[in-house]
Ligand code: G6P
């Protein structure tokens with residue numbers, strides 16, 4: 001949510017900043033801007049409503065010289081997306097320019113105070129308050145920018161990652177973080193700044209992750225100086241990134257989303273690598289093995305997450321209860337964190353998050369940790385905030401996910417939860433040897449079966465265009481297919497803007513059936529090994545009311561084939577692994593419908609990939 005990029009070195013900053021913004025655009029895309037200290041020693045700010053490409057057009061005949069700059073792509077929180085509210089923001093005297101990701105919660109009080117001191121404001125943003133505050137603190141205390149940022153931030157309540165430039169100081173960027181991610185890249189005599197490593201990886205794989213309440217000074221010819229708000233120096237390990245540049249490119253696909261859908265057989269393979277041994281019928285997730293006693297003694301598991309990760313959590317509930325016989329609750333992180341939950345020392349809290357930065361999930365995990373629970377993270381982005389604060393966890397190893405609608409991260413999360421449930425089941429002796437071995441063998445086949453599932457993409461593309469007329473969709477499933485129904489509906493509404501609801505199939509009779517008519521498509525997830533007969537009855541009920549049915553069925557199914565208007569086959573598998581297959585046609589359907597409707601699938605309106613504000 002909002003992307004920050006910065007550069008200081010000997011190269012031209014502008015092209016590096018623009019490329020960086022393009023890589024970060026998935027975080028927010030309603031406006032973009034850049035601040036540079038130009039060769040003529042101006043502190044130039046250029047910003048505009050719209051995408052990074054609009055910023056490029058806007059700056060075409062402007063002076064974009066200079067080897068130091070900061071840039072921002074915005075997802076609006078305070079103030080509508082327009083030119084004035086776009087970042088960077090100048091201070092009153094225009095001697096400072098600042099970019100910000102996050103929310104300053106006490107901005108109204110600070111603004112009133114600054115206005116009483118003669119400060120005037122051009123925008124409706126909380127960010128402008130911050131830059132004015134820093135200037136006021138700097139001038140009134142007669143301190144340098146580093147100290148002014150430290151002092152100003154002690155007055156600020158909220159979340160931020162910021163970067164500031166100062167007129168007359170072409171050799172220095174000051175940045176700071178609290179609850180919003182910030183990474184420094186270390187090149188040869190140059191530094192980079194990013195909300196994540198994606199704008200940096202092209203130039204260096206050496207990074208420092210800035211922690212909460214830290215301020216960093218990036219200066220040519222000297223080491224980064226990092227202090228907390230009380231001016232205590234902090235030392236930081238330089239980490240090596242494993243990400244590659246090609247992972248950030250579209251690789252010949254028209255959109256990141258479709259590339260990521262097709263990557264899933266490989267991402268699930270990567271996720272299982274070293275964790276499953278087919279020859280020896282073994283599954284071992286080190287996060288569990290290293291804390292075996294915790295899991296053997298756990299009285300309850302609480303899963304906290306948001307969005308698609310929450311849907312993966314629901315599948316985790318079914319898996320962990322069935323395999324490991326531990327009671328599981330799945331909570332929206334945003335509800336959990338504010339409802340004074342009861343936590344016991346034998347509780348395990350699992351925080352699931354692709355980005356590892358979602359504000360609500362992070363806060364829920366922190367709350368659980370403070371209250372003494374053992375906290376386990378399932379995250380994709382290495383080095384992000386959640387894995388850094390949890391007791392232990394497992395990475396999903398899905399590689400960078402750029403499409404805003406999550407696809408490969410979801411199946412990787414489900415894979416980790418499956419491995420987790422199997423590992424605990426074996427350690428606890430909850431599963432017979434035969435069943436365990438049968439499951440291990442079958443799980444290992446899933447990536448190949450995903451490949452087979454994706455081979456029907458052309459057929460899904462052909463029939464999907466028929467549904468662009470629809471205003472509403474219902475998705476139905478039972479058991480393991482119920483969370484898949486929720487996820488299928490979420491995918492469709494996120495990217496095609498068609499209203500869609502997921503329901504447990506049996507609940508249809510308690511309301512949604514009233515909506516069924518010729519116009520209303522229903523997607524039914526009906527693998528053979530689920531509660532098949534009951535789902536067939538649901539389909540008959542829909543057809544009796546002239547509804548149109550798209551069914552996801554196990555290959556060779558003839559009963560539903562004759563009932564449904566359209567059917568998509570997935571390979572046969574265990575019921576518990578079916579979400580890893582049945583989710584794929586639903587992702588494809590949402591994608592193709594959105595493409596035919598002309599929607600921007602990678603950057604759907606009003607959404608952002610990484611929701612680092614509440
Ligand atoms: C946003 C994204 C969703 C994602 C959710 C949770 O809403 O658009 O795709 O599922 O955040 O994100 P996380 O990074 O915590 O999994």
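Here are a few things to note about the model shown:
- Matching option when the condition is without any contact (Cβ under 8 Å) to a residue 40 or more places away in the chain and surrounded by 15 or more Cβ atoms within 10 Å (Cβ to Cβ), among 283, 304, 330, 268: 330
- Every listed requirement among (1) buried (at least 24 other Cβ atoms within 10 Å of the Cβ); (2) under 16 Å from the mean Cα position of the chain (by Cα); (3) in a helix (DSSP H, G or I) is met by residue 406 save one, (3).
- Failed item in (1) in contact with a strand residue (DSSP E or B) (Cβ under 9 Å, 6 or more places away or on another chain); (2) under 21 Å from residue 291 (Cα atoms), with residue 363 passing the rest: (2)
- All of (1) within 22 Å of residue 484 (Cβ to Cβ); (2) touching a strand residue (DSSP E or B) at 6+ places or on another chain (Cβ under 8 Å); (3) away from the ligand (no atom under 12 Å from the Cβ) hold for residue 395 with one exception: (1).
- For the stretch 355-381, a residue qualifies if it is more than 9 Å from the ligand (Cβ to nearest atom), assigned to a loop (DSSP other than H, G, I, E, B) and under 26 Å from residue 415 (Cβ atoms), and exactly one does: 373.
Residue-wise test of (1) within 16 Å of the ligand (Cβ to nearest atom); (2) out of contact with any helix residue (DSSP H, G or I) (no Cβ under 9 Å at 6 or more places or on another chain); (3) free of Cβ contacts under 8 Å to residues at least 60 places away in the same chain.
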{"site": "388", "(1), (2), (3)": "yes, yes, no"}
{"site": "391", "(1), (2), (3)": "no, no, no"}
{"site": "400", "(1), (2), (3)": "yes, no, no"}
{"site": "409", "(1), (2), (3)": "yes, no, no"}
{"site": "462", "(1), (2), (3)": "no, no, yes"}
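- Residue in the stretch 331-354 that is within 15 Å of the ligand (Cβ to nearest atom), in a loop (DSSP other than H, G, I, E, B) and more than 23 Å from residue 576 (Cβ to Cβ) present: yes
- Residue in the stretch 150-161 that is modelled with pLDDT of 95 or more, surrounded by fewer than 18 Cβ atoms within 10 Å (Cβ to Cβ) and assigned to a loop (DSSP other than H, G, I, E, B) present: yes
The values are calculated or read from the model by the stated rules, or taken from the named source; none is laboratory data. Being a predicted model, the structure only gives us computed values, none of them experimental. Methodologically, a virtual Cβ is constructed for each residue, glycine included, from the backbone with ideal geometry; neighbour enumeration extends over all protein chains shown.
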